Structures are given as structure tokens and as C-alpha cells.
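Enquirer: Please find one structure pasted underneath; my questions will follow.
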Amino acid sequence: MSLTGTPFFLTSIVLVAAALALPLVFWSRIRGPGAVRHTARLVMLLVVQATGVLLVFVIVNNSNGLYDNWDDLLGTGSHVNAAADLGPDGTGGKSVRTEPRIKQRFRPAGDPRMGPGVQVTQLKGQISGVAGEVYVWLPPQYGQPAYRHRDFPVVEVLPGYPGSARAWFGALQVNTQLAPLMLRGEVAPYIIVAPRTTLLGNADTGCANIPGKVNADTWLSVDVRKMVTDTFRAEQKPAGWAVAGYSAGAHCAVELGVKHPDRYRAAIGLSGYNDPVGEPASLTARTPRLRDLNNPWKILQHDRVPPRLALFVSGAATDGYPGAVALRQVARHPTTVRAVRLPAGTGGHATAVWKQQVPEVFRWLTHQVPMH
């Protein structure tokens, strides 16, 4: 039974109802010594609590897009087939342009919570050694005759950890929010791409390449990117690409943008952090060297040539904003940083807060990564 499916949700409701009925029916009917009666009643109360917790978890998980399936929840899944040392640029010395075309077949996502038009495919990363699902939403203009010879800009969107690739469409409703803005010309007609980021059981990859463990960076910035440009009328140059994320995904987005200005022109981080220790489960937080290599603040500090990159980084006073200010302080031309402080009482570290930010950040992005 699917963790996020309607049958499991209904089953959890039935279990709660049945658990509540047990003490109502049998509380005064239990016979035997006092110890037996008290134990039986305690068990019934524990069952009520357990089923209640289960129902709350299902509701929260479905609303926030935390876990896609049982393997993600239990930490037993792995989407890594190989993790070779691919070198500083993450390509293993291969020329991505000369690699065979990766034209994927997509099917409707089939999840009504994600809104209309979302497609999904199962991609095997030819360079990264990672395999996983990738969701794609095409803007309203994509199928219009006036745009049939146009290439479209792309935004790769990343969830937090734990987090589902569906979350930007489900919890944040990025497609249903942006479609009318695109039709009115307020936001550029972006192709929205949401790849799987939970790749190694119960560990956060930090969206980094770690030889022998995972090549998450290459999966996101090379394999997924190439598949999109091979399959859709998508911009190929970095001027047509951006990456966005929230929470741990915000760290990933800024990190990927800073590391790869040859692949992304802009990055958006909502309530993220710079130092990988912001996510205790991150593989990149386990050694000082990995922390330094994957800290965008330190990368900007030591870059001899500042990247041509526009950053939008937001957060509350103690949740993301200090990191945004730190990035702004070390950024040098042509790097730009817009640091946005969320008002107190906005709603905390939650998808409801980031959902409200979607129109604002995409209006900003339209000036950084327009349609050419």
C-alpha cells in the first residue's frame, strides 16, 4: 500500500475510529484480576494514541511532501548505482555535449495534489550513476503555435530533507500559482523540473559529489539538465537556467549555483544555511574538509573569479537571513545577492511560508533569467 496514497490515508482513519471504539465498548466489560484489567485498558489507550499519531503523520506527510514511499521513510532505499570520482567539474572528463541524447518518455504524474500538467519519468544518470524520478511541468505557452520554435528557460526546484520531489507541486503549488502569472506576462514561462534528491536511505547528500558514496551534484547539474535539454525545447546555455530550493534544498540551490555558474545563472534559497552542519544528517557535514568544500559562503570568499550569478536568499531573523547577509557581504561583482528578511510571525520553517513566497521569487527571477 502506497505511503502517500488515498487507501493508506483512509485506512489510518478507520484504524483511529476502531481504536476509539475499543475502550468505549470494552472498558467496563473486561474481567479478571485488577492487574489484568488495568493492563488491558492501558493497551487500549496506547492503541488510541498510536493510531492518532499515525493519522497525524499521514496528514503532515501528505501536506508537506516529506516522504514519497516506505523506503524513504524507513531509510532502506538507495538510488545510487555507482559513485566514481568524477573530478572537480563532476563530469569525469566526459564532454556532455558529445554524450548520447537522453530523450525520455514521460507519463502523467497521476497525483491530483500536484495540480494539472505534471509529468514524470524514471531517469538513469549516465554520468552520475544515480537513478530516480524526475517531474516536469511545461508552461502554458509551451504548446502554443506562436512559441513552437522557441526554447524555454528552466528552473530546477529542490525540496528540503527529508523531502519529496513532488513537494514543489503539491505543498508549494508552484505550477498552479505561476500559470496565471505566466499568462499575464508577469512571470517568464519557465519549465519547472523537480528531480529526486533523497538518494541514500536516511542520509542527506548535501547535493554534493562524494566519491564512493554518491554523485548528487552531477545527478542534478549534469544528468537531469542534459535530459531536459534533450527531451524538451529548453534553453541550453546557463543564461536560461536557474535552481531554487527551500530548507536543505535552499543550501543545495545556492551551493550548486555558486559552484556551477557555467550551468546556472541564478539561484534561490528559502530559509536555508551556508554551513552544511545546518542539516545534521548531511554527509557533507561529517568532516571539516567536506564542510569547507560545500559551504557557498567559503566558496565565494576564496573564488579568484567571482561567478556571474544572481542570488535570492531569504529567511527569518534566526532561520536563513543571517546566512543571506553573510553571502551578500562576501559577494563581488558580477555576483549579486538579494537578502530578504521575513517578518516576525510569518509562520516559521514551513512549506506554508515558502508557498507564499513563490510569486515574489519568480517575479524577481524573471528579471534575472528571462525568456530569450
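The values are calculated or read from the model by the stated rules, or taken from the named source; none is laboratory data. The model shown is predicted, which means the values in this text are computed figures rather than measured ones. When we count neighbours, we look across all protein chains shown, and the Cβ atoms used for this are built from the backbone with ideal geometry, even at glycine. Accessible surface areas use protein heavy atoms only, side chains included; no ligands, DNA or RNA. Shrake-Rupley method; radii C 1.70, N 1.55, O 1.52, S 1.80 Å.
Enquirer: Among the residues of the range 110-128, write down those that are part of a loop (DSSP other than H, G, I, E, B) and either in contact with an Asp or Glu (Cβ under 9 Å, 6 or more places away or on another chain) or open to solvent by 80 Å² or more (accessible area, probe 1.4 Å) (or both).
Expert: Within the range 110-128, PRO116, GLY125, GLN126, ILE127, SER128 meet the criteria.
Enquirer: ALA19 versus (1) closer than 30 Å to MET114 by Cβ; (2) surrounded by 15 or more Cβ atoms within 10 Å (Cβ to Cβ): which is the lone unmet condition?
Expert: Result: ALA19 passes all but (1).
Enquirer: Inside the range 342-364, can you point out the residues that are over 16 Å from ARG184 (Cβ atoms), open to solvent by less than 80 Å² (accessible area, probe 1.4 Å) and not small (Gly, Ala, Ser)?
Expert: LEU342, THR346, THR351, VAL353, TRP354, LYS355, GLN357, VAL361, TRP364
Enquirer: Further, regarding this structure: Every residue in the range 62-97 that is of a type outside the set (Gly, Ala, Ser), open to solvent by less than 50 Å² (accessible area, probe 1.4 Å) and at pLDDT 80 or above, please.
Expert: HIS79, VAL80, LEU86, THR91, VAL96
Enquirer: Ok, one more. Does LEU342 satisfy the condition of being within 18 Å of TYR264 (Cβ to Cβ) and under 24 Å from the mean Cα position of the chain (by Cα)?
Expert: no
Enquirer: Further question on the same structure: Let me spell it out: the conditions are (1) outside any helix (DSSP H, G or I); (2) more than 29 Å from GLY278 (Cβ to Cβ); (3) open to solvent by 10 Å² or more (accessible area, probe 1.4 Å); (4) touching a helix residue (DSSP H, G or I) at 6+ places or on another chain (Cβ under 8 Å), and PRO162 meets all of them except one. Which number is the exception?
Expert: Unmet condition: (2).
Enquirer: Going by what's in this entry, would GLY272 be described as open to solvent by 10 Å² or more (accessible area, probe 1.4 Å), closer than 16 Å to PRO322 by Cα and at pLDDT 95 or above?
Expert: The answer is yes for GLY272.
Enquirer: Now, a different point. Residues that are open to solvent by less than 10 Å² (accessible area, probe 1.4 Å) and over 19 Å from GLY125 (Cβ atoms): does the range 220-238 have at least one?
Expert: no
Enquirer: Please tell me if ALA208 is open to solvent by less than 10 Å² (accessible area, probe 1.4 Å) and more than 26 Å from ALA82 (Cα to Cα).
Expert: On the way: open to solvent by less than 10 Å² (accessible area, probe 1.4 Å): yes; more than 26 Å from ALA82 (Cα to Cα): no.
The answer is no for ALA208.
Enquirer: Please enumerate the residues belonging to the range 254-269 that are more than 16 Å from the chain's Cα centre (by Cα) and open to solvent by less than 30 Å² (accessible area, probe 1.4 Å). Talk me through it step by step, then tell me what you get.
Expert: Step one: filter the range 254-269 for residues more than 16 Å from the chain's Cα centre (by Cα), giving 258-266.
Those that are more than 16 Å from the chain's Cα centre (by Cα) and open to solvent by less than 30 Å² (accessible area, probe 1.4 Å): VAL258, HIS260, ARG263, TYR264, ALA266.
Enquirer: Does ASN209 qualify as being touching a Gly at 6+ places or on another chain (Cβ under 7 Å) and within 26 Å of ALA324 (Cβ to Cβ)?
Expert: Against the criterion (touching a Gly at 6+ places or on another chain (Cβ under 7 Å) and within 26 Å of ALA324 (Cβ to Cβ)), ASN209 qualifies.
Enquirer: Identify the single condition in (1) of a type in the set (A, V, I, L, M, F, W, C); (2) open to solvent by less than 80 Å² (accessible area, probe 1.4 Å); (3) without any contact (Cβ under 8 Å) to a residue 60 or more places away in the chain that VAL53 does not satisfy, given that it satisfies every other one.
Expert: (2)
Enquirer: A further question follows. Kindly indicate whether any position in the range 145-153 is in contact with a Gly (Cβ under 9 Å, 6 or more places away or on another chain), open to solvent by 20 Å² or more (accessible area, probe 1.4 Å), part of a loop (DSSP other than H, G, I, E, B) and modelled with pLDDT of 95 or more.
Expert: yes
Enquirer: Conditions first: (1) under 20 Å from the mean Cα position of the chain (by Cα); (2) surrounded by 15 or more Cβ atoms within 10 Å (Cβ to Cβ); (3) in contact (Cβ under 8 Å) with a residue 24 or more places away in the chain. MET182 passes all but one, so which condition is the exception?
Expert: Here MET182 clears every test but (1).
Enquirer: Can you name the number of the only condition in (1) under 25 Å from LEU200 (Cβ atoms); (2) loosely packed, with under 15 Cβ neighbours inside 10 Å that LEU10 fails?
Expert: (1)
Enquirer: Being in a helix (DSSP H, G or I), farther than 26 Å from ASN209 by Cβ, of a type in the set (D, E, K, R) and more than 23 Å from the chain's Cα centre (by Cα) is true for just one of ARG29, ARG41, ARG97. Which residue is that?
Expert: ARG41
Enquirer: Find the residue count for the range 19-51, including only residues that are at pLDDT below 85 and closer than 18 Å to LEU3 by Cβ.
Expert: Within the range 19-51, residues that are at pLDDT below 85 and closer than 18 Å to LEU3 by Cβ number 0.
Enquirer: Another one. Exactly one of (1) under 21 Å from the mean Cα position of the chain (by Cα); (2) open to solvent by less than 20 Å² (accessible area, probe 1.4 Å) is unmet by PRO307. Its number?
Expert: The single condition PRO307 does not satisfy is (1).
Enquirer: Still on this structure, I have one more. Against the definition (without any contact (Cβ under 8 Å) to a residue 12 or more places away in the chain and either more than 30 Å from ILE127 (Cβ to Cβ) or open to solvent by less than 60 Å² (accessible area, probe 1.4 Å) (or both)), how does ALA35 come out, yes or no?
Expert: For ALA35, the condition - without any contact (Cβ under 8 Å) to a residue 12 or more places away in the chain and either more than 30 Å from ILE127 (Cβ to Cβ) or open to solvent by less than 60 Å² (accessible area, probe 1.4 Å) (or both) - is met.
Enquirer: Additional query: Of the residues in the range 63-82, how many are within 17 Å of GLY163 (Cβ to Cβ) and either among the aliphatic types (A, V, I, L, M) or touching a Phe, Trp or Tyr at 6+ places or on another chain (Cβ under 7 Å) (or both)?
Expert: Selection size over the range 63-82: 3.
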